[in-house]
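The values are calculated or read from the model by the stated rules, or taken from the named source; none is laboratory data. Computed from a predicted model, the values in this text were never measured in an experiment. Quick reminder, even Gly has a Cβ in these numbers, built from the backbone with ideal geometry, and neighbours come from all protein chains shown.
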Amino acid sequence: MSELEVSIVIPCLNEAETLEIVIKKALDCMKKNDISGEVLVADNGSTDGSQDIARCCGARVVDVPVRGYGAALIGGTKAALGKYCIMGDADDSYDFSDLMPYILKLREGYDLVMGNRFKGGIEKGAMPFLHRYLGTPVISFLGRLFYHNRIGDFNCGMRGYNCERIKELDLRATGMEYASEMIIQAALHDYRIAEVPTTLSVDGRSRKPYLSTWSDGWRHLKVLLLHSPNWLFLYPGCLLSLIGFILMILLVGGPVHINSISLDINTMLFAGAFLIIGVNTILFSVYTKVYAAKTSYIPMNKSIKKISCFSADKGILIGVILFLAGLITAVVACVIWGSTSFGDLNPEKVMHITIPAVTLCSIGIELIFGGFFIGILNIKYE
């Protein structure tokens, strides 16, 4: 069989109400524009006769036993015969009669072509208020910030892609978050990504959509964070550590007064906590990048290469030095206590020494055990 140019991949779970019109629109568009292609319905276990409807309309049906939006699209993409795939929902909310903008961009050599509903037009009532003005804009903003791309609509369900290039990404998400994972991985692998305007119409089904505003929104956000250890761990950890370090330095010599505000040992306790939590969070970013270097769940880059070369010995050595510094500081506090014959102490005076001592010891222990954990992650198996 000669290679088809386009496979229209439609995930399906009980879509008997709208599936026929969607398939006919897609087939008519390809016929009108003389495109060699197929409509492939990735069925997720429909019980309403969707499979028979699809076959009668001229579509090819692939059964995908693993439930989920992402699972259906992964199965459909693997089974696709076309060089390019265009995916879209079966609810007739996307216009399958207007596929040429995607195909033309794919022919230009783009690996992923995203639809943008905000540029193409959203019919009144087609998108819930929270999705339109909160969920999608926030997810799209974070996606641009974390992954350095210009995509304006991260959650658009209609998109086209080079089939083989997307298969190379080995996408894993089985739920709605698959849509975000595709863009994230494409951006991380420096794929060429374009965007075209697309319209969104009111869902043609009588039942409620499968999409859950809060749970699926959280899944999208979680995928964005899990693939960006810098934003998830490193940057928050550095910020906490910096705040804690500055406050600790300011207060180690005694209270600081700013107009009517007095910063003393209570603030110093928080400074110590910020430092300990901050360093621990930074360590999580190191663990994640070492793990990424071993598993390739994030593609190798200069940052990951540097971190993966960070040996367990270095971490343990730094930890031992800080732990010893904390012990020495604790000894100084004991000497001061001894000068009073180990009697009552002025807490405000001694805690300016004991808080830094405990903080240094805690961070030192974190780094020692963290170094050993990095050593475990770096163990090579045949």
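Here are a few things to note about the model shown:
- Selection of the range 245-276 for residues being in contact with a Gly (Cβ under 9 Å, 6 or more places away or on another chain), surrounded by 18 or more Cβ atoms within 10 Å (Cβ to Cβ) and under 13 Å from residue 358 (Cβ atoms) yields 248, 271, 272, 275, 276.
- The range 47-68, residues that are out of contact with any strand residue (DSSP E or B) (no Cβ under 6 Å at 6 or more places or on another chain) and either surrounded by 22 or more Cβ atoms within 10 Å (Cβ to Cβ) or assigned to a loop (DSSP other than H, G, I, E, B) (or both): 47, 48, 49, 57, 58, 65, 66, 67, 68
- Pick from the range 267-305, criterion of a type in the set (Phe, Trp, Tyr) and within 26 Å of the chain's Cα centre (by Cα), ranking: modelled with the lowest pLDDT: 297
- Some residue of the range 343-353 being under 42 Å from the mean Cα position of the chain (by Cα), modelled with pLDDT of 95 or more and part of a helix (DSSP H, G or I): no
- Which numbered condition residue 167 fails, given (1) part of a helix (DSSP H, G or I); (2) modelled with pLDDT under 95: (2)
- The residue that is farthest from residue 285 (Cα to Cα), among those in the range 311-359 that are among the small types (Gly, Ala, Ser) and crowded, with 16+ Cβ neighbours inside 10 Å, is 333.
- Within the option set 192, 144, 150, being charged (D, E, K, R) and either free of Cβ contacts under 8 Å to residues at least 24 places away in the same chain or not assigned by TED's automatic domain parsing to the domain that holds residue 31 (or both) holds for one residue only, 144.
- When residue 308 is tested against (1) surrounded by 13 or more Cβ atoms within 10 Å (Cβ to Cβ); (2) at pLDDT 85 or above, just one condition goes unmet, and that condition is (2).
- The helices (runs of 4 or more DSSP H) found wholly in the range 80-155 and carrying at least 3 residues that are over 22 Å from residue 203 (Cα atoms) and out of contact with any Ser or Thr (no Cβ under 6 Å at 6 or more places or on another chain) occupy 100-107, 136-147.
- Looking only at the range 1-46, and only at residues there that are in contact (Cβ under 8 Å) with a residue 60 or more places away in the chain, assigned to a loop (DSSP other than H, G, I, E, B) and in contact with a strand residue (DSSP E or B) (Cβ under 7 Å, 6 or more places away or on another chain), the one that is nearest to residue 58 (Cα to Cα): 35
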